[in-house]
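> Input: one structure, supplied below.
Laboratory data are not the source of any read-out in this text; all were calculated from the coordinates shown. Predicted, not measured: the structure shown is a model, and the values here were computed from it. Positions of Cβ are backbone-derived with ideal geometry, glycine not excepted, and every protein chain shown enters the neighbour counts.
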Amino acid sequence: MESSYLDVPPAEGEKSHVCDTCGHRFALQKHLRTHTLIHSGEKPYLCDMCDYRCSQMCELKRHKRTHTGEKPYVCNICSYSCSCLSGLKVHFRTHSGEKPYACDTCEYKCTSSSILQRHKRTHTGEKPYTCDMCDYRCSEVAKLKRHKRTHTGEKPYVCDICLYSCSRLSSLKMHFRTHSGEKSYACDTCEYKCTSSSSLQRHKRTHTGEKPYACDTCDYRCSEVAKLKRHKRIHTGEKPYVCDICSYSCSHLSGLKVHFRTHSAEKPYACDKCEYKCTSSSALPAHKLTHTGEKPYKSDTCDYRCTQLSNLKTHKRTHTGEKPYACDTCDYWCRHLSSLKTHIRTHTGEKPYACDTCDYSCSQMSCLKQHTHPCRRETVCVTACDICSYSYSHLSRLKVHFRTHSGEKPYTCDKCEYKCTSSKSLKQQKGIHTGEKRYACDTCDYSCSQPANLKTHKLTHMGGKP
């Protein structure tokens, strides 16, 4: 019997056993037999715990360690351990600094052939791994596994301190830092510190002004991919976040959190000057401006100023004539989202504003406010003029009325000699000088400087006589 059948290598390193498919040579017959399985595709070794099959016994042994958690190979420099000897060899290179695998396209070097193979795909653009549930493709099998969890909802990584769970190990590591207080990433421009390199990278863009993410539908650019995803929902109309109490839905998770507070009545944000409380952090700064009188947002077309950017954007439409909100039932277009919501109620018949004293209900809050005074005349404190029969439930309006008897006109226009009894009248007068027409019709392009003129104009749309 030849020595090769006794599993003893021939003398002088002779490799007499040749594969008749590829020509590869082996010193032992058993190595040739194992090798031929690569060509035949035969996988005789089966895991008794899952469906895994392989062509070599050593591969099966390594696989079984994924079930047992056994890690017999331990680094003698640090506490690292792994289930494969090859993994330990690669790990040793992190200590020695050895990077034997080099990219032939750029200067990149790495510690293992598998890492190099993944890197090369950044040059070729190859994405060989495909999701069987959507069109997602990627260059790494690990990325595909993580992606599939977005379909299954699986969150295998669980915090042992709180109830937090996630789909990525890196996310769990970052989460642990919220318990330890560790912030290992520091900005070299300011004192900012954070728990992850990605957060630091985003922060640095606040210094550089870099906005690498661009919308492919409009000119919008931003510094974070998450912001771009949220922005794109403006174009698609997608509202993936839905309230489980009512029918409300929105495009941002933060918006849903704020909405929930309308059900819980929670108002966590409080003004330090008065008793005002609100449901969102964005509403509080706008409120505080009512104390300072500051109006930081200014129109570049007229003298209009306001406390909120959203109000300025809406105002600008009075100059541009833009009406971005359209009814999907009729040809109605308007400048304000609130006007569209009110208009839609003319189709649905919805009257969400109800008087808590009588059966009256209406489609607009302004109508309810007008209604409540006569309905509550017997229950509210009505202040009456002691000179004439005028009465009202608001003391401030009564004070203005008294000036019609006293002749007092404390408000003076700085452009002409006009004087008046109320700040509201003064604003309307100033609009005549500036040419500002802040009162706009939400049905056509008409705008004017006084609300009375707007009311008269609206009669032309309702079939009345102005």
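> Could you calculate the contour length gain from THR456 to LYS273, that is, 0.36 nm times the residue separation minus the distance between their Cα atoms, to one decimal place in nm?
Values: separation 183, 0.36 × 183 = 65.88 nm, distance 4.06 nm.
Length gained between THR456 and LYS273: 61.8 nm.
> Under 21 Å Cα to Cα from LYS288, which lysines show up? Leave out anything in the same chain fewer than 8 places away.
Straight-line reach from LYS288, under 21 Å: LYS267, LYS273, LYS277, LYS298, LYS313.
> Please give the contour-minus-distance gain from VAL225 to SER170: 0.36 nm per residue of separation, less the Cα-Cα distance, rounded to one decimal in nm.
Contour length minus Cα-Cα distance gives 18.0 nm.
> Excluding same-chain residues fewer than 8 positions from LYS127, which aspartates and glutamates have a Cα within less than 20 Å of its Cα?
Of all the aspartates and glutamates, those that pass the test against LYS127 - Cα under 20 Å, at least 8 places apart if same chain - are ASP104, ASP135, GLU140.
> So what is the calculated 222 nm ellipticity per residue for the chain, using -39500 (n - 2.57) for each DSSP H run with n of 4 or more, over all residues, to the nearest 500 deg cm²/dmol?
Details: 16 runs with 185 residues, N = 466.
Result for the chain, helices only: -12000 deg cm²/dmol.
> Give the calculated FRET efficiency between ILE38 and SER281 to the nearest 0.05, with a Förster radius of 60 Å applied to their Cβ-Cβ distance. Before the final figure, lay out the partial values.
On the way: r = 61 Å, r/R0 = 1.02.
Computed FRET efficiency for ILE38 and SER281: 0.45.
> Given (i) -0.69, -1.44, -1.64; (ii) -0.38, -1.04, -1.19; (iii) -0.61, -1.09, -1.18, which label gives log10 I(q)/I(0) by the Debye sum over Cα atoms at q = 0.07, 0.12, 0.13 Å⁻¹ as computed from the coordinates?
Answer by label: (i).
> Run the quick spin-label model on LYS155 and ASP303: label points 7 Å from Cα toward the beta carbon, then report their separation in nm to one decimal.
A separation of 5.6 nm, rounded to one decimal place.
> Past 26 Å, Cα to Cα: identify those pairs from LYS173/LYS239; LYS64/LYS109; LYS204/LYS232, in the order given. Show your work: numbers first, answer last.
Numbers: LYS173/LYS239 30 Å; LYS64/LYS109 32 Å; LYS204/LYS232 24 Å.
Over 26 Å Cα-Cα: LYS173/LYS239; LYS64/LYS109.
> Can you give me the distance in nm between label points at TYR192 and HIS405, each placed 7 Å from the Cα along the Cα-to-Cβ direction?
Once both label points are built, they end up 6.2 nm from each other.
> Measure off 7 Å from each Cα along the Cα-to-Cβ vector at GLU59 and LYS30, then give the distance between these two points in nanometres to one decimal.
Result: 1.8 nm between the two label points.
> Subtracting the Cα-Cα distance from 0.36 nm times the residue separation, let me have the gained length for TYR213 to LYS99 in nm, one decimal.
37.7 nm
> So how do 181-188, 27-34 stack up, highest first, on mean other-Cβ count within 10 Å? Walk me through the numbers on the way to the answer.
Working: 181-188: 12.0, 27-34: 15.9.
Final packing ranking: 27-34, 181-188.
> Under 18 Å Cα to Cα from LYS183, which aspartates and glutamates show up? Leave out anything in the same chain fewer than 8 places away.
Reachable aspartates and glutamates: GLU191.
> OK, next. Would you mind checking the pairs LYS295/LYS427; LYS316/LYS430; LYS229/LYS341 and listing those with alpha carbons more than 23 angstrom apart?
LYS229/LYS341
> What FRET efficiency comes out for the pair SER114/LYS71, r = Cβ-Cβ distance, R0 = 22 Å, nearest 0.05? Don't skip to the end; give the middle numbers.
Numbers: r = 19 Å, r/R0 = 0.86.
Using R0 = 22 Å, I get an efficiency of 0.70.
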